[in-house]
Structures are given as structure tokens and as C-alpha cells.
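Peer 1: Provided herewith is a single structure, encoded as C-alpha cells, for subsequent inquiry.
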Amino acid sequence: MSEEELNELIKLQPVLRVAPQPRDLNNNGHIFGGWVLSQMDIAGGIMAARVAQGSTATVAIEAMSFLAPILTRDIVSVYAQVERIGNTSVSLRIDVVAERNRGEDHVPVTSGLLTFVALDGNHRPRQIPAESKAKYKA
């Protein structure tokens, strides 16, 4: 991610902000990758539900890159942007940025492409409403 792309991203409203805890550390003293992925899935689920106007489920992680470690004093912001909208699914670019030194530094730490499917009351795939497609089309 370029410096310009990072600056544009942090101007957006994050879907989720969280402070990792010492219990989230791995053996290297960094935040455990599984913890990061769960935060991305939570933020993605929030955004996917907005797009789908209802329940969704994660169906794929198409790409994932760990760019830098998350440290215990970081504040983590998770951003979600629509990449694609299909008939029943939405793919989101999820970017995670760590704020360090009391917000002085912004470090891109993780990026991924996650796909969610819209679900009906019986937990079966359903159509994403046309108005959402128009509103969120990438």
C-alpha cells in the first residue's frame, strides 16, 4: 500500500476499532494472526449486512496478506470497501491499520479479500436487493 493510498484510507470511517489485549499475543510477542482475522471477519460481516440488508455468512477468504505485526499498544482500525456485488454475494476488501505512538504513526498491517453470502430466514442464499447494488457498486 502506498503512502497516498494509506492517507486516503485513514480519512474514511473505520467499520471497527479495537485495542488488542495482552491475552491476544502469540509466542513472538505480536498479536496472534487468528485474532486479526477474526476482527476482519467481524468488520466484514457488519459491512456485508449493510450491503445485503440482512444476515450474511462468510464463504471465502480469497486473499490475505500480513504486512506488519500488530503490537500490544496499537489501536487497530478495520476498513471495509466493496469490491464486487453478485446476485447473492458481496466481496469486500478489508484493510487493517495500526495506530502507534498515540496516533502519530499509521501502519498498514493486514489486507484481505473476503466474500459473504446473503442469507434468508432459512439460512439459504438470497438475492441482494437491487437498491443495495446501486448504492454500493464498486
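Derivation of every value follows stated rules applied to the coordinates shown; laboratory data play no part. Owing to the predicted nature of the structure, the values given are computational and were not obtained by experimental measurement. Cβ atoms come from the backbone with ideal geometry, glycine included; neighbour counts cover every protein chain shown.
Peer 1: Based on the alpha carbon coordinates of segment 9-95, what radius of gyration and maximum Cα-Cα distance (Dmax) apply, in Å?
Peer 2: 13.8, 43
Peer 1: Can you give me the relative contact order of segment 3-136 as a percent, contacts being Cα pairs under 8 Å and 6 or more apart?
Peer 2: 27 percent.
Peer 1: So, one more: Please sort 17-23, 65-71 by packing, taking for each peptide the average over its residues of neighbouring beta carbons within 10 angstrom, highest first.
Peer 2: Those peptides, ordered most packed to least, come out 65-71, 17-23.
Peer 1: Show me the ranking of peptides 102-108, 56-62 by mean Cβ neighbours inside 10 Å, starting with the highest.
Peer 2: Descending mean neighbour count gives 56-62, 102-108.
Peer 1: I'd like the orientation of helix 33-52 relative to the chain: the angle between its Cα long axis and the longest Cα principal axis, in ° from 0 to 90, rounded to 10.
Peer 2: Computed tilt is about 30 degrees.
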